[in-house]
Amino acid sequence: MDPLALVVSGALAVIALALAWPVPVVFARADWPTHAPARALLLWQAIALAGGLSMIGALVALGLGLVGLHPVWGGVAYGAALGFALHLLGHLAATVVSVARQRRRHHALLELLSSPHPTRARTRVLDDGAPVAYCLPHGIGSLTVLSRGLLESLGPAELAAVIAHERAHVEQRHDLLLVAFRAWRSALPWFPIAARAEQEVTVLVELLADDRARREAPDAVLARAILAVAERRPDAREAPDPSRRASERVRRLVPETRAH
Amino acid sequence: MASLGQLERTVMDALWESEAPLTAYDVIDRITATDERRPAATTVLTVLTRLERKGFVASDRSVRPHHYRPLASRADHMAELMHEVLGDADDRRAVLERFVGGVSPDDAATLRRLLTAEG
């Protein structure tokens, strides 16, 4: 038995537990991420990565500590470490493949059903009355899609803000983050923090993209664009984002609350 | 020269507009009437094969020349696309990033107040 390995294992287990529960709960309730979404995204990645690695590390160290004393239990700990690592990597691979397949299909549909924007590169126009704007990450061929309804309901300034927002998603590769956190959640469906992390990351990338749009357009213009799209949704009954952070997106644009 | 993607769209539109299955030559006749340039038969056959591989077109190879028909209507595909865009399925969030998803009534009211205040 190696006492040092057992101490290390215990310390890593404490870190893993802290990262699995109290740390993310406190973090998700904090206000500062609304104003510093880039830092918050980095912290979520660090929590997820460090949480997974310390969990695996704790099991490996446990195996190391036990293997001299009790080879069978040592082997079980090693096996659990390997199994957990493979479980996480397997879900990551499956999510990457499934998302890529859906994007390929969506891309093919867009090629048939939308037309190229007359002046903007990598932008397609969808002949639909609902005002929608989105980007479809697709390796180097990412597309921004605008609907006819959107072009009709927004002025040039609002449209520029929407496009800056979508371009930020593409350029900052937010799709990689969303896929990674989606995979983490699908690997740990019984773990509420994984779902919480995915929700937070989904909103934080919107805040980040908004920040980019706010550099190119006044807050009121972005607010007008958000309202125009939100109000003319064909299925307005869609549930708002469950995260409290989603409201922050709107509140950030309102002067009184922005002051503090 | 039209890009392959553009040609795919034109060919698919011709198939959607036609009541009956079309051969590659029928397709060329129809898309040339509206588009002047007459694409080569091999090009159109390549496009049809690509569309078939992507699951948009089915071919009847028991007759010569082969006949091609769309697997679903334009409206069906449009519905599929919009469902994916507007749908609230969890998967959607990872596949594409939409400008605005749901905004709660409270938040919409906040925005409206802001915009009236700023006139």
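Summary table below
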quantity: Conditions (1) touching a strand residue (DSSP E or B) at 6+ places or on another chain (Cβ under 9 Å); (2) among the acidic types (Asp, Glu); (3) over 21 Å from B:Val85 (Cβ atoms): number failed by A:Asp175; calculated: (3)
quantity: Count of the stretch B:45-72 residues which are open to solvent by less than 50 Å² (accessible area, probe 1.4 Å) and within 19 Å of the chain's Cα centre (by Cα); calculated: 11
quantity: Single residue of the stretch A:187-203 satisfying the filter (facing chain B (nearest Cβ under 10 Å) and buried (at least 19 other Cβ atoms within 10 Å of the Cβ)) that is farthest from A:Gly52 (Cα to Cα); calculated: A:Val203
quantity: The listed residue being surrounded by fewer than 21 Cβ atoms within 10 Å (Cβ to Cβ) and touching a Ser or Thr at 6+ places or on another chain (Cβ under 8 Å), out of A:Val145, A:Val132, A:Val125; calculated: A:Val125
quantity: Members of the stretch A:144-165 found to be touching a strand residue (DSSP E or B) at 6+ places or on another chain (Cβ under 8 Å) and not in a helix (DSSP H, G or I), listed by number; calculated: A:Thr144, A:Val145, A:Leu146, A:Ser147
quantity: Which numbered condition A:His91 misses (of (1) out of contact with any helix residue (DSSP H, G or I) (no Cβ under 6 Å at 6 or more places or on another chain); (2) more than 12 Å from chain B (Cβ to nearest Cβ)); calculated: (1)
quantity: Residue, modelled with the lowest pLDDT, within the stretch A:236-248, restricted to residues that are facing chain B (nearest Cβ under 8 Å) and surrounded by 18 or more Cβ atoms within 10 Å (Cβ to Cβ); calculated: A:Asp241
quantity: Subset of the stretch A:50-83 (residues that are out of contact with any helix residue (DSSP H, G or I) (no Cβ under 6 Å at 6 or more places or on another chain) and open to solvent by 50 Å² or more (accessible area, probe 1.4 Å)); calculated: A:Leu53, A:Gly68, A:Leu69, A:His70, A:Pro71, A:Val72, A:Val76, A:Leu82
quantity: Qualifying residue in the stretch A:20-34 (condition: on the phi < 0 side of the Ramachandran plot and in contact with a Gly (Cβ under 7 Å, 6 or more places away or on another chain)); calculated: yes
quantity: Meets criteria (more than 11 Å from chain B (Cβ to nearest Cβ) and under 24 Å from A:Ala180 (Cα atoms)) for A:Leu64; calculated: no
quantity: Pick from the stretch A:153-174, criterion charged (D, E, K, R) and touching a Ser or Thr at 6+ places or on another chain (Cβ under 8 Å), ranking: nearest to the other protein chains (Cβ to nearest Cβ); calculated: A:Glu166
quantity: Top-ranked residue of the stretch B:76-100 - restricted to ones that are more than 7 Å from every other protein chain (Cβ to nearest Cβ) and modelled with pLDDT of 85 or more, ranked as farthest from A:Arg167 (Cα to Cα); calculated: B:Asp76
quantity: Hits in the stretch A:73-116 (condition: over 14 Å from B:Ala94 (Cβ atoms) and among the polar types (S, T, N, Q)); calculated: A:Ser114, A:Ser115
quantity: Close pairs (6 angstrom Cβ cut-off, 6 or more residues apart or separate chains): of a type in the set (Val, Ile, Thr) and part of a helix (DSSP H, G or I) in the stretch A:51-78, at pLDDT 95 or above and surrounded by fewer than 21 Cβ atoms within 10 Å (Cβ to Cβ) anywhere; calculated: A:Ile56/A:Ala81; A:Ile56/A:Phe84; A:Ile56/A:Ala85; A:Val60/A:Ala81
quantity: Close pairs (6 angstrom Cβ cut-off, 6 or more residues apart or separate chains): facing chain B (nearest Cβ under 9 Å) in the stretch A:136-152, open to solvent by less than 20 Å² (accessible area, probe 1.4 Å) and among the hydroxyl-bearing types (Ser, Thr, Tyr) anywhere; calculated: A:Val145/A:Tyr134
quantity: Selection from the stretch B:52-84 of residues that are in contact with a Phe, Trp or Tyr (Cβ under 6 Å, 6 or more places away or on another chain) and in a helix (DSSP H, G or I); calculated: B:Arg74
quantity: So B:Val103, is it among the β-branched types (Val, Ile, Thr), crowded, with 18+ Cβ neighbours inside 10 Å and under 27 Å from A:Ala164 (Cβ atoms); calculated: yes
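The values are calculated or read from the model by the stated rules, or taken from the named source; none is laboratory data. Note that the structure is a prediction, hence the values are computed from the model and not measured. We place every Cβ from the backbone using ideal geometry, glycine too, and count neighbours over all the protein chains shown. For the accessible areas, the whole protein counts, side chains as well, though only heavy atoms, and no ligand, DNA or RNA atoms are used. Shrake-Rupley method; radii C 1.70, N 1.55, O 1.52, S 1.80 Å.
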